[in-house]
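Reviewing the structure listed below.
Each value in this text was obtained by applying a stated rule to the coordinates, not by laboratory testing. Predicted, not measured: the structure shown is a model, and the values here were computed from it. Here the Cβ positions follow ideal geometry from the backbone for every residue, glycine too, while neighbour counts run over all protein chains shown.
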Amino acid sequence: MTKYKKQIPIEERERIELKKQIESYKNSLKIAKEIGDTKGESNCYTNLGIAYRSLGNFKKAIEYHKNSLKIKKEIGDTKGESACYTNLGVAYDDLGDFGKAIEFHENSLKIKKEIGDTKGESKCYTNLGVAYDDLGDFKKAIVFLENSLKIAKEIGDKAGESACYTNIGVAYYYLGDFKKAIEFPENSLKIFKEIGDKAGESACYTDLGVAYYNLGDFRKAIVFLENSLKIDKEIGDKAGESACYTNIGVQKSN
């Protein structure tokens, strides 16, 4: 099953571009320090953290985000502080330290509530849901994801709503409730089609294929997986394409 959106493998050309960006951010950081631009310094740390996470260097990402957080606290940038907590939570989740991830997402959520950032609050609930899902506490994951879904619907955040449906479907899949694991990705698929999110659409087809396989409907499973494969080829998602071929091979062996 596919959580939306986890770290996505990057192409070599993107890796080269990210390394160039890192050099640029480091130069900016040096200048910000020299001229005493504290806010600029903090922003450079954040940009470096995001870039290193994209490269898969999560420990380095955490180091830079912590530097940024320290400054945000010192200058009283509450909104920026919350963003740092989120970035740290995501990086710790990638690193597999789900307890730390939850701790930072909870800190971010507290601030989002205090400053009345409803959309940000919804995203924090999603991040907490994903972290609890990774921790294996699927029932708790569903509680947080349903909180996020409620807000996303209220504020008309279609992308957020769709991500919630996908992640709730994943949690139900791991709880062994395959009918629910089909119901939620179907809702998600409808929205991804409406907003033109091809990667999300492909992920839904994969989730539906895997769920139908577990229900024993192998023909339907293959149809959905082939739909996913078609999109992955169109958008050049080599990792997704490879996973689809593997899944289709498993289905056809039944």
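Search the structure for amide H atoms under 5 Å from the amide H of Asp117, placed 1.01 Å from N in the peptide plane, and list their residues when 5 or more places away or on another chain.
none
Using only C-alpha positions, report the orientation-averaged shadow area of the convex hull of segment 59-168, nm², one decimal. Each step should come with its number before you reach the end.
On the way: hull surface 25.6 nm².
Quarter of the Cα hull surface area: 6.4 nm².
Go through segment 189-254 and name the trypsin sites (Lys or Arg not before Pro) that are in a DSSP coil and have 16 or fewer other Cβ atoms within 10 Å of their Cβ.
Answer by residue number: there is no such site.
Find the relative contact order for the chain and round it to a whole percent, using C-alpha pairs within less than 8 Å whose residues are 6+ positions apart. Mind dumping the intermediate values first?
Details: 360 pairs, mean separation 31.4, N = 254.
It rounds to 12 percent for the chain.
Taking the alpha carbon gyration tensor of segment 12-116, what are the square roots of 5 times its eigenvalues, largest first, to the nearest whole Å? Before the final figure, lay out each step's value.
Values: eigenvalues 102, 76, 17 Å².
For segment 12-116, the ellipsoid semi-axes come out as 23, 19, 9 Å.
Contact order normalised by length for segment 12-116, with contacts defined as Cα pairs under 8 Å and 6 or more residues apart; what percent is it?
Relative CO of segment 12-116 lands at 20 percent.
Step through the residues of segment 204-210 one at a time and calculate ³J(HN,Hα) from phi using the Karplus curve (6.51 cos²θ - 1.76 cosθ + 1.60, θ = phi - 60°), rounding each to whole Hz and writing x for Gly and Pro.
Per-residue couplings from phi come out as 5, 4, 4, 4, 5, x, 5 Hz.
Tell me, Lys39, Lys72, Lys180 in order of fewest to most beta-carbon neighbours within 10 Å? Before the final figure, lay out the partial values.
Values: Lys39 13, Lys72 24, Lys180 17.
Neighbour counts put them in this order, fewest first: Lys39, Lys180, Lys72.
As a test of the definition: which semi-axes, in Å, follow for the chain when you take the square root of five times each eigenvalue of its alpha carbon gyration tensor? Largest first, please.
Numbers: eigenvalues 247, 96, 43 Å².
Gyration-tensor ellipsoid for the chain: 35, 22, 15 Å.
Using the Karplus curve 6.51 cos²θ - 1.76 cosθ + 1.60 with θ = phi - 60°, work out ³J(HN,Hα) for each residue of segment 172-178 in order, rounded to whole Hz, and write x for Gly and Pro.
Each residue of segment 172-178 in turn: 5, 4, 6, 7, x, 9, 6 Hz.
Express the relative contact order of segment 73-132 as a whole percentage, based on alpha carbon pairs under 8 Å and six or more residues apart in sequence.
On the way: 58 pairs, mean separation 20.2, N = 60.
Relative contact order, segment 73-132: 34 percent.
As a check on your grasp of the helix formula, calculate [θ] at 222 nm for the chain: sum -39500 (n - 2.57) over DSSP H runs of n ≥ 4, divide by the residue count, round to the nearest 500. Present the calculation step by step, with values, prior to reporting the outcome.
Values: 12 runs with 217 residues, N = 254.
That calculation yields -29000 deg cm²/dmol at 222 nm.
Assuming 0.36 nm per residue, please report the length gained on full extension of the stretch Glu234 to Lys79 beyond their Cα-Cα distance.
52.0 nm
List, in order, the whole-Hz ³J(HN,Hα) value for each residue of segment 45-55 obtained from phi through the Karplus relation with A = 6.51, B = -1.76, C = 1.60 and θ = phi - 60°; use x for Gly and Pro.
Using θ = phi - 60°, the values come out as 4, 4, 4, 5, x, 5, 5, 5, 5, 4, 7 Hz.
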